[in-house]
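Engineer: Just dropping this structure here.
No value in this document is a laboratory result; all are computed from the given coordinates. Being a predicted model, the structure only gives us computed values, none of them experimental. Heads up, the Cβs are rebuilt from the backbone with ideal geometry, glycines too, and the neighbour counts pull from every protein chain shown.
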Amino acid sequence: MRLTTIHHIAIICSDYERSKRFYTEILGFHPLREQYRAARRSYKLDLEADGGIQLELFSFENPPKRPSYPEACGLRHLALAVDDMDEAIAYLRRHGIEPEPIRIDEATNKRFTFFQDPDGLPIELYEK
């Protein structure tokens, strides 16, 4: 087997409309397909960002909260690349999102920071 790329990342949200606005209006993902799945009483929204990153946003009734602190075993966070960290941080702040202090990756000497989506999912910004 030869893997070529990550196809998509799936996210379950607690408030579909709030998360839909966050990922589309703030992070700039473009809706590809949206469907309501009546049997599950659940929405599924396929999103894509410039560069081909795809997310699936799911809504379910009363999903359990994601354990973050202390960190649980499993997928840790979503990391997105940005060209200009200062510009990205200023943009987030204009939208009421306060990222963590910038850190430096000791292996690459690149800057990165974290912030959270509406459900507390950690999202990393990593400067190219």
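Engineer: Restricting to Cα pairs below 8 Å that are 6+ residues apart, what does the relative contact order work out to for the chain? Please round to a whole percent.
Structural biologist: Details: 197 pairs, mean separation 28.5, N = 128.
Reported relative contact order: 22 percent.
Engineer: Also, I was wondering about something else. Return the sequence-ordered ³J(HN,Hα) values of region 92-100 in whole Hz as given by the Karplus equation 6.51 cos²θ - 1.76 cosθ + 1.60 applied to θ = phi - 60°, using x for Gly and Pro.
Structural biologist: Rounded to whole hertz, the list is 4, 4, 5, 9, x, 10, 9, x, 5.
Engineer: For region 70-85, in order, what is each residue's ³J(HN,Hα) by Karplus, 6.51 cos²θ - 1.76 cosθ + 1.60 with θ = phi - 60°, in whole Hz (x at glycine and Pro)?
Structural biologist: x, 4, 9, 5, x, 4, 8, 6, 9, 10, 10, 8, 10, 7, 9, 5
Engineer: Another question, then. For Tyr126 and Ala49 in one chain, what is 0.36 nm times their gap in residues minus the Cα-Cα distance, to one decimal in nm? Each step should come with its number before you reach the end.
Structural biologist: Values: separation 77, 0.36 × 77 = 27.72 nm, distance 1.55 nm.
Contour length minus the Cα-Cα distance gives 26.2 nm.
Engineer: Between Leu80 and residues 5 or more places away or on another chain, which pairs have amide H atoms under 5 Å apart, with H built 1.01 Å from N, and which residues are they?
Structural biologist: So Leu80 has HN proximity to Glu124, Leu125, Tyr126.
Engineer: A further question on this structure: Dipole of the chain (Lys/Arg Cβ +1, Asp/Glu Cβ -1, origin at the Cα centre): which of Ser42, Tyr16, Ile104 lies farthest to the positive side?
Structural biologist: Ser42
Engineer: Ile104 versus Glu56, label points 7 Å from Cα toward the beta carbon: distance in nm?
Structural biologist: Taking the simple label geometry, Ile104 and Glu56 are separated by 4.1 nm.
Engineer: Follow-up. For Glu71 and Ala90, calculate 0.36 nm times their separation in residues minus their Cα-Cα distance, and state this gained length in nm to one decimal.
Structural biologist: Details: separation 19, 0.36 × 19 = 6.84 nm, distance 2.77 nm.
Full extension of this stretch gives 4.1 nm more.
Engineer: Among 56-63, 67-74, how do they line up from the highest to the lowest mean number of other beta-carbon atoms within 10 Å?
Structural biologist: On the way: 56-63: 14.8, 67-74: 8.6.
Going from most to least packed, we get 56-63, 67-74.
Engineer: Give me the number: length gained by fully extending Thr5 to Leu78, i.e. 0.36 nm times residue separation minus the C-alpha to C-alpha distance, one decimal in nm.
Structural biologist: Details: separation 73, 0.36 × 73 = 26.28 nm, distance 1.52 nm.
Once the chain is fully extended between Thr5 and Leu78, it gains 24.8 nm.
Engineer: Still on this structure, please answer the following. Please list, in order along region 15-30, the HN-Hα scalar couplings obtained from phi with the Karplus expression 6.51 cos²θ - 1.76 cosθ + 1.60 (θ = phi - 60°), rounded to whole Hz, x for Gly and Pro.
Structural biologist: Along region 15-30, the couplings run 10, 4, 5, 4, 5, 4, 4, 4, 6, 8, 7, 9, 7, x, 6, 9 Hz.
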